[in-house]
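These notes are about the structure you will find just below.
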Amino acid sequence: MTAQSPDQLRSARFRMEREPSWKRLEVLVARADKAGVKSLSYDEARDLATTYRQAMNSLSVARDISLDLALVTYLEQLCSRAYLVVYAPQESIRGLVSRLLTTGIPRAVRRSALPLLIGFVAMFLGAVAGYLLYFQDPSWYFTFVPPDTADGRTPAASADYLRSTLYGDEGAPHDALGAFASYLFSHNTQIAILVFALGIFLSVPSFLLTFYNGLLIGAFFATFAEKGLAYDLFAWLSIHGVTELSAICIACAGGARLGLALLLPGQMTRRDALRHHGRDAVKLIVLAGIMLVVAALIEGFLRQIVQSPELRLTIGWGIGAAWLAWLLLSGRDKGAGLR
Amino acid sequence: MTTTPAPYRDIVPKRRVERLLPPEGVPINFYIASVGARLGAQIMDVLITYIGVLLVAFGLFWLDVLPMTATFSLIIILFFLVRIPYYILAELVWNGRTLGKRIARIRVISADGRRLTPHQITARNLMKEVEFFTPVLMLFTVDDLGLALGLITTVWVLGVLIVPFTNRRRQRLGDLVAGTIVVENPKTVLLGDLVAKAPARDTRFEFLPVHLDVYGRYELQTLEAILRDPTKGPAGEVELARVTDAIIRKIAYAPKVAPNDRRDFLMAFYRAQREHLENRRLFGDRREDKFHKTGDAPAVVGKKRWWRRR
């Protein structure tokens, strides 16, 4: 290949000189693409960086001096491939998680006061409406609560039966609780993701879905309250509900942030606003996911083991206070104020 | 970065080009993946993951090593994991590719020319819930939904399907939130240099500057494509004759070219034309096509439609 006759075109000579370096890059990129950059030795990794820069340089030159379409196309593709390998994400999953937990999520929560307010207000209004509607006409209960969720806990049920659902074994033998917990977790998380993602439609569907969740709770609460079991139900709900319902509200807040970005983009274009607010919104839904895991564990294992209402209240609200402390206090270092 | 298409006619088939500016400062081009390829990849992913879970489930029941409830909870968890978490993890680990995307040869990249961040991957896949899973599941139950909900679902599905067609980069909602685009995975093939095969100048054909002042880059590269990939058989002979005649007429080349020499003539002309144009380039004279003299060139052929104006 070294037959460099003076007769040769300038662009062909250019290609002959540089081709070995491109081929080397091609081999390295193929390896890294298949087995990851970690599979390269020190020398190979160094070569990858050098030959990548050379190829980029060649591309820039070739675009100017060469009219060989095959060459320019090849270099374009080679550089794109190498670019994707060189600029692959390099963070470790562990570092990512710890950063998310110590600073990312708490800060995102503290920046989202208005959306969080929307989320919690949606749930609260729903609950109040459900409660009041029930006392107007108990048949509302059947409108709000799907029969498989109600599980016999209807307005017609006796106080004794209702009490047994709070303190009994719920007919679930202990070894089935694991399956129950995993079901709850995946079901609730699916709902939370849906509540979040629906926020893109101007946050209205998120609000409605959370409101509906509130209605359900309100009507449910009213059924028990009518039979004088308000305190017991409150305790029963508290142990996991503080975490679980907050998680739904937080997912709604995440959705609301997306919706607000579209509704009130401020000085940015809507597209940019969506991208900007998306950062915090995603952190909110990750937080909701974490809280739902915890809620499912409590609900699956702790709720039926702990039978005293006082203890249930203490555990539930204690965990709630722990969440609050984490979200309010973590990640407040010097850099935080500068953001 | 800038999204302007290459400002000249392209020899390669018309595809949507996304021009990124990496930190090296040399813009590189990616081809936007077609909506069909993306849908195919998505369907492939659903098939792979669900068949995988079903196989695991069958395996667990058949082996019967775990207690029944543990098996059930494992399967429930698996069914959850193959929805959103699978996509997030796969794109994290394989740098923007899931199994389906690998098969369809497409991948996710960050639209800003920097590396794909975990945040972007999470965001774009979370939106999949409203864009794909929920509407598809609701479509299956559309009979039980009643008129109002059925109508809402239909509007929802249509609305979400339309989004990629409303922007040039074919971004779906999740891509818009995350700032990502889906592109074809580049593959590298280096074809030989036509000129390198015949390094010596063919003395049978002599081209004067007046001959070489006619054509520009577009015509040269069209000729390159013909020479690289000639039509086989008798049709190829006809094509060769047509091309040769057209060139001879256009550049007013006086000497006769024997039918057997047509290919050699075209090679020699390609070489001379390329040398000439490359030299002109060095002097800052970039001739895009044969209209370079008059200047009334249809320089940009890509049609701009009113709904795509940005």
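The values are calculated or read from the model by the stated rules, or taken from the named source; none is laboratory data. Since we're looking at a predicted model, the values are computed, not measured. No Cβ is skipped: glycine too gets one built from the backbone with ideal geometry, and neighbour counts run over all protein chains shown.
For the stretch A:49-137, the helices (runs of 4 or more DSSP H) that sit wholly inside it and include 2 or more residues that are closer than 29 Å to B:A272 by Cα are A:69-86. The single residue among B:I48, B:I28 that is modelled with pLDDT of 85 or more, aliphatic (A, V, I, L, M) and touching a strand residue (DSSP E or B) at 6+ places or on another chain (Cβ under 7 Å) turns out to be B:I28.
Identify, please: which residue in the stretch A:182-219 is at pLDDT below 80 and of a type in the set (G, A, S) and is, among those, nearest to the chain's Cα centre (by Cα)? Among them, the one singled out is A:A197.
Table: residues versus (1) modelled with pLDDT under 80; (2) in a helix (DSSP H, G or I); (3) surrounded by 13 or more Cβ atoms within 10 Å (Cβ to Cβ).
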residue: B:Y215; (1), (2), (3): no, no, yes
residue: B:L220; (1), (2), (3): no, yes, yes
residue: B:A225; (1), (2), (3): no, yes, yes
residue: B:K232; (1), (2), (3): yes, no, no
residue: B:E239; (1), (2), (3): no, yes, yes
residue: B:D245; (1), (2), (3): no, yes, no
residue: B:I248; (1), (2), (3): no, yes, yes
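Pairs are defined by a Cβ separation below 8 Å, a sequence spacing of at least 6 or placement on different chains, a first member in the stretch A:2-19 that is among the hydroxyl-bearing types (S, T, Y), and a second member that is at pLDDT 75 or above and in a loop (DSSP other than H, G, I, E, B); the pairs so defined are A:S11/A:S66; A:S11/A:L67; A:S11/A:D68. The residue list A:G228, A:G266, A:G259, A:G241 contains one member that is within 12 Å of another protein chain (Cβ to nearest Cβ) and of a type outside the set (S, T, N, Q), which is A:G259.
In summary, B:A111 fulfils each of the numbered conditions (1) closer than 27 Å to A:V286 by Cα; (2) among the hydrophobic types (A, V, I, L, M, F, W, C); (3) out of contact with any strand residue (DSSP E or B) (no Cβ under 6 Å at 6 or more places or on another chain) with the single exception of condition (3). Among the residues of the stretch A:183-202, those that are under 16 Å from B:V130 (Cα atoms) and among the aromatic types (F, W, Y) comprise A:F196, A:F201.
Scanning the stretch B:169-197 for residues that are surrounded by fewer than 14 Cβ atoms within 10 Å (Cβ to Cβ) and either in a loop (DSSP other than H, G, I, E, B) or away from every other protein chain (no Cβ under 11 Å) (or both) yields a total of 3.
A quick yes/no check of all residues on (1) within 19 Å of A:L71 (Cβ to Cβ); (2) within 14 Å of chain A (Cβ to nearest Cβ):
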residue	(1), (2)
B:L227	yes, yes
B:G233	no, no
B:V243	no, no
B:I248	no, no
B:P259	no, no
B:R263	no, no
B:A268	no, yes
B:A272	yes, yes
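In the set (1) in a helix (DSSP H, G or I); (2) surrounded by fewer than 21 Cβ atoms within 10 Å (Cβ to Cβ), A:A192 fails one condition alone, (2).
Restricting to the stretch B:122-138, count the residues that are facing chain A (nearest Cβ under 9 Å), of a type outside the set (S, T, Y) and assigned to a helix (DSSP H, G or I). Within the stretch B:122-138, residues that are facing chain A (nearest Cβ under 9 Å), of a type outside the set (S, T, Y) and assigned to a helix (DSSP H, G or I) number 7. For A:A230, the conditions (1) buried (at least 24 other Cβ atoms within 10 Å of the Cβ); (2) more than 28 Å from B:K128 (Cα to Cα) all hold with the exception of (1).
The rows are residues; the columns are (1) among the aliphatic types (A, V, I, L, M); (2) at pLDDT 80 or above; (3) assigned to a helix (DSSP H, G or I); (4) loosely packed, with under 10 Cβ neighbours inside 10 Å.
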residue: B:R242; (1), (2), (3), (4): no, yes, yes, no
residue: B:R262; (1), (2), (3), (4): no, yes, yes, no
residue: B:F265; (1), (2), (3), (4): no, yes, yes, no
residue: B:R274; (1), (2), (3), (4): no, yes, yes, no
residue: B:R286; (1), (2), (3), (4): no, no, no, no
residue: B:F291; (1), (2), (3), (4): no, no, no, no
residue: B:P298; (1), (2), (3), (4): no, no, no, yes
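For the stretch A:153-181, filtering for residues that are charged (D, E, K, R), in a loop (DSSP other than H, G, I, E, B) and at pLDDT 70 or above leaves 1.
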